[in-house]
1. If we scan the range 166-183, do we find a residue that is within 12 Å of the ligand (Cβ to nearest atom) and assigned to a helix (DSSP H, G or I)?
2. Does Ile55 satisfy the criteria of being surrounded by fewer than 17 Cβ atoms within 10 Å (Cβ to Cβ), aliphatic (A, V, I, L, M) and over 17 Å from Pro145 (Cα atoms)?
3. From Pro205, Pro192, Pro200, grab the single residue that is surrounded by 21 or more Cβ atoms within 10 Å (Cβ to Cβ) and not acidic (Asp, Glu).
4. Scan the range 114-128 residue by residue and report those that are under 20 Å from Asp73 (Cβ atoms) and surrounded by 24 or more Cβ atoms within 10 Å (Cβ to Cβ).
5. Only one residue in Ile261, Ile269, Ile281 is of a type in the set (Val, Ile, Thr) and over 16 Å from Ser43 (Cα atoms), so which one is that?
6. Mind listing whichever residues of the range 35-57 are of a type in the set (A, V, I, L, M) and free of Cβ contacts under 8 Å to residues at least 60 places away in the same chain?
7. Condition first: within 16 Å of the ligand (Cβ to nearest atom) and either assigned to a loop (DSSP other than H, G, I, E, B) or touching a residue at least 60 places away in the same chain (Cβ under 8 Å) (or both). Now tell me which residues in the range 229-266 satisfy that.
8. Looking at the range 90-113, which of the residues that are assigned to a helix (DSSP H, G or I) and within 11 Å of the ligand (Cβ to nearest atom) is surrounded by the fewest Cβ atoms within 10 Å (Cβ to Cβ)?
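Every number in this text was worked out from the coordinates using simple rules, so none of it is lab data. Here the structure is a predicted model, which is why all the values come from computation and not from measurement. Please note: Cβ atoms are built from the backbone with ideal geometry, for glycine as well, and neighbour counts cover all protein chains shown.
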Amino acid sequence: MTEELERRFEDTIARDQRLEPRDWVPEGYRKTMIRQISQHAHSEIIGMQPEGNWITRAPSLRRKAILLAKVQDEAGHGLYLYSAAETLGADRTELTEKLISGAQKYSSIFNYPTVTFADVGVIGWLVDGAAICNQVPLCRSSYGPYARGMIRICKEESFHQRQGYELLMTMMRGTEAQREMVQEATNRWWWPSLMMFGPPDADSPNTEQSMAWKIKRHTNDELRQRFVDMSVPQAEALGVTLPDAELSWNAERGHYDFGAIDWDEFKQILKGNGPCNAERIAKRRAAHEDGAWVREAAAAHAAKQRDRERSAA
Ligand code: 3HC
């Protein structure tokens, strides 16, 4: 029986078809899907903090409204993704506990501080730009609920990137001080944005299997290179310099060559030793605890509803 199920699973993958919640999948596939989807969801939820920090200090009502919409979008992305993880049998409460206890990860990028309002623009331009690079291929991921969630998320990410780039364009047309703020923020966010794509392929324990199962459609290094190639002309149009003296066009490769990434910094962040790791988790834990009464009230209401239906039956 299992052989027939495995054959059907492999055949679905080979024919570039989608697997749905009702389909049998190998335990390893289910586990790695829950791992990737839940950590993606955690990233969206934690990712609300760096920019949320500027909502009350936005320089105009228009900027505040745009930033509010973006942060609300990220919350929605987290909810879609937790729902997708639940279709694989994951329990949302358990996933939240794993995030808060450090048993599961969220994207390294959200462990950096947002020092000036230019950070809000650079996050939109580079961080959401990197997210688009990484997530558009996920719209073709082999797991149906994840791929479909990605289609909606990617549409919203394009708004996120455009609003960030437009914010920066406005500042670059402003005062010298504003132009310096944009350059300074770019200097801080460029390298961490390259780390978003994950470790080099040679150091990635998951990429080979995820490519075979068509969870991933491109490797970490391929998408990182695509992001660099996309970002260089955008930086030129903006009038900022990317902080990498080795960045140069390689006509032979048809790509930009770029400098070495500080993977020790990346590893430190993943160990929880980044500038904002403790603050991000403390805030998420506090929000979870503050919301306990809502969960209890909803559970009590649901139980009462069930009792009513039982006695009415
Ligand atoms: N931050 C934190 N952990 C990371 C990481 C990063 N930037 N990159 C890799 N890792 C972790 C992986 O989770 C894995 O650890 P695990 O086995 O305990 O889960 C380990 O480092 C090795 O990395 P691999 O490359 O082998 O892992 P993956 O095959 O899972 O690839 C990934 C990593 C490219 C991030 C992939 O998981 C992925 O594409 N995930 C979906 C997209 C995503 O999560 N993006 C987060 C960005 S936040 C975002 O998009 C919000 C937007 O609003 C900006």
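1. Scanning the range 166-183 turns up no residue that is within 12 Å of the ligand (Cβ to nearest atom) and assigned to a helix (DSSP H, G or I).
2. It is true that Ile55 is surrounded by fewer than 17 Cβ atoms within 10 Å (Cβ to Cβ), aliphatic (A, V, I, L, M) and over 17 Å from Pro145 (Cα atoms).
3. Step by step, each of Pro205, Pro192, Pro200 is checked, and only Pro192 is surrounded by 21 or more Cβ atoms within 10 Å (Cβ to Cβ) and not acidic (Asp, Glu).
4. Asp119, Val120, Gly121, Val122, Ile123, Gly124, Trp125, Leu126, Val127, Asp128
5. Ile261
6. Matches in the range 35-57: Ala41, Met48, Ile55.
7. Met230, Ser231, Ile261, Asp262, Trp263, Glu265, Phe266
8. Lys98
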